[in-house]
Each structure stands twice: as structure tokens, then as C-alpha cells.
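This report refers to the structure that appears directly beneath it.
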Amino acid sequence: MIGLALLSFGLNAAVRPVTDLPLQADGPNQWRLRAGEYRGSFSIDHPLQLTCDPGAIFQAEGQGNGLLISAPDVSVQGCTFLDWGRDLTAMNAGVFIQPQAQRTQLLGNRLQGPGFGIWVDGTEGVSLIGNRIQGDASIRSQDRGNGIHLYAVHGARVIDNQVRDTRDGIYIDTSNGNLLQGNTLEDLRYGIHYMFANDNQVLGNTTRRTRTGYALMQSRKLTVIGNRSEQDQNYGILMNYITYSTLQDNVVTDVRDGATGDTMIAGGEGKALFIYNSLFNRIERNRFARSAVGIHLTAGSEDNRIAGNAFVDNQRQVKYVASRLQEWSADGQGNYWSDYLGWDRNGDGLGDVAYEPNDNVDRLLWLYPQVRLLMNSPGIELLRWVQRAFPVMKSPGVMDSHPLMQAPTHKESAS
């Protein structure tokens, strides 16, 4: 049995089975890999459980995949994968899981390299739990692979992983019925990126310093609960053609204009929530704070239930571009607005005057920001009075008929 700390196995060799390595049997189909550096690309083509001792490193030397899994019921735990290939067309990955590799488990591994971290291709029942993935920050963002890439995958569990410096943290394409929970995604293009994926759960994840925290696109029946977006650029949460989905108990703070030009849709000037052509969604009990824009709706984004949210200290609370009035209260309760100037005479916790964040006066302020110096002047108050007295002058906009006087207590999802 070979067990040297500085062991070097293979040199620029073709893909070879992991069973060629110095493994120690821990039980039936249970193997332990001793510490050492194992060079080249390796594969697993029959069910087994592989556990790495501390210091066991797969070094792919910049070529191909670090590990190719092509059998069901494989478990890989505690291994380190370094420096696999960077050919994104060839889908080079630290670990590549093929369609026949159902129920693969990757547990507590560390991956650092330029291509995709973990690619899961057309299989089901995969568990990716507690892995740490880091890309190559010296490569342009668009030329890096995604940290975790799911394509045509069903029933995956992606839990408690840490991803940074890749292109997107977790990319989900044409994949239904998956769970993403408790992942931390930092310094990326998009933290979580959905395309054509339905019936997915996104629970208790955190994004930081991405160019879009949660890019939800062309999907339906997403459950997005208890997530956080902190110091992301352009968009905290972006909804593009999203229907019949739930956004609840999420916290988005400090979104700013990234000014990178690498945005999903033109005009990403620091929006906590951007809703584009998305219908029939429930957006409740979220907190959108300290961003350039709290919420922006456009392109027919109507018939959404928006209630119980807190919009706190955003430079512009609401930007709305559409053709008809939007009522943002439900069952007699609206949202909390930190700039609401109304009152509550009967003490029921609801404002007695409707909140209208984008009336004609607000539109005037959008066009001429210098007018804000006159915000509390008699002239501005006169304009608002005329607007109320002669509603024929009003343009379509947002109305919260029952604004909350205090911000709701936020409840985060358990991760």
C-alpha cells in the first residue's frame, strides 16, 4: 500500500479509473484514499463510496475533468480537486456527473479551478452538500465556468455549499423539482441563475457582491423563501418571465449600480427587486432596504400580489411603468414604506391615507431631481392637493390603500 504525503500519481495520463489509486478498504464498496497528489483525470464507473484522507488531492494539470462519474450510487467525500481544464465548450469540470450516475453524492469536497466546478448532466437524485468551490479570479467573469451547473436534472439537493469567483454560483437549466438551500455565493456574475426550470425551491441562501443576486428567468412555480442579498450590484432579485411563484421572507439590502455593462436587462441601476413581464406571483413579507430602487415593475408585470413587505430607506421606493393602476394591498393590509407621511388616528396599525409612490409629483421628481429641495414646500403640497382634488389628472401608478405604520417582523427560512 502506497501512502506517502508527497505521492505523485501519473503524469499527463489519459482518464484512468480511480480504483488504480492506492485505496484502502473500509468496508464493502467503501474505500479510503490516502494523502498525496494524484495527477491526471480519473473516473468512477461502478457504485462505490470514496472518502479522502486530509491531503488527498486530485491534480488535473489543466486538462479535461478532474473526476468523471458514470455509475449510480457513488459517494465522494472530503477530496480536493485542483486545476482541471478551462474549455467551456467541452464542459471541463472539477467533477462531471453523467446521466447514468443517479443518486451521486458529493459531500464536503474542495474544488478550485478555471472551468465548471460541478456539472450535473441529465440525471436525478443527486446530492451536493457542503462543498467549497472557487474559480480563477484572474480570468474574465464571462470566460469562467459556473460553480454548480445543473442541466436537465430532477430531484437534486444542493445544500450548504460555498461558491466564489466563478461565473454564476449555481446555474439551473431545464431542471425541475430541485432544492437549493443554505448556499453562500460571493463575488460572482449571478449568484443563483434559473432558466426554464419549474417547481424548484430556493431557501435560505445568501449572495454577496454579485452583479445579480438571484436571476430568476423563464420559469414558473418557484418557491423563493428566506434568502438574503447583500451588497449585490444592479439587481438583488430579478424576475424575468416568472409566473405562479412565491417570494417570501427574503431580505435584500444595499443594491447599487454596478456600472459594468454586464447586466441581464438594460437599466440595472441598483434595484432591490426588478419584475419584468412576470404575472400571478405572491411577493410577501420581504424587506428591500438601502438600495437605489426598492422595486421596479415594467413590461406588463401586473396581477401580482404584493403585500406585507417593507421598503426601507431606498433612494427611490417604486419605479412603475405600465398602463393601469396597481393596488398593493391584500386582505386589508398593505406594505411598510419608510417615507410614508400619513397618520393612523384609530391606532389599528394602518395608515389612514393611501400611499401613492409614483404619482405625478414623483414623476416630476424623477425627471428633475433638483426639485427634491422643495419636497416639503407649500408648492409641492399644493400640487399633491390638486392631484387628489382632480383625479382626472392622475396617471396610472401604484396605490397602497392600507400602508403599514410599522415594518413587519422578518422571519428567515431555516437553512
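All of the numbers you see were taken from the coordinates with simple rules; none came from a lab. Because the structure is a prediction, the values reported are computed rather than measured. All Cβ positions, glycine included, derive from the backbone under ideal geometry; neighbour counts span all protein chains shown.
Of note:
- Ala25-Thr223 pseudo-label distance in nm [points 7 Å out on the Cα-to-Cβ vector]: 4.4 nm
- Placing R0 at 41 angstrom, the Cβ-Cβ distance between Ala407 and Asp199 gives a FRET efficiency of 0.85 after rounding to 0.05.
- Stretch gain in nm, segment Met91-Asp339, where the contour uses 0.36 nm per residue and the Cα spacing is subtracted: 84.3 nm
- Two-site FRET efficiency, Asn277 against Arg140, from Cβ-Cβ distance with R₀ of 22 Å, rounded to 0.05: 0.15
- On full extension, the segment bounded by Tyr241 and Gln105 gains 45.7 nm, given 0.36 nm per residue less the C-alpha separation.
- Computing Rg and the Kirkwood Rh from the Cα coordinates of the range 30-135 gives a ratio, Rg/Rh, of 0.93.
- Among 134-141, 29-36, the order from most to least packed when residues are scored by Cβ within 10 Å on average: 29-36, 134-141
- Local electrostatic count at Ile97 - Lys and Arg +1, Asp and Glu -1, tallied over other residues with Cβ under 15 Å: -3
- The simple Förster model, with R0 at 35 Å and r as the Cβ-Cβ distance, assigns Ala14 and Arg209 a FRET efficiency of 0.30.
- Charge sum, other residues only, whose C-beta stays under 12 Å from Phe274's C-beta, Lys/Arg counted +1 and Asp/Glu -1: 0
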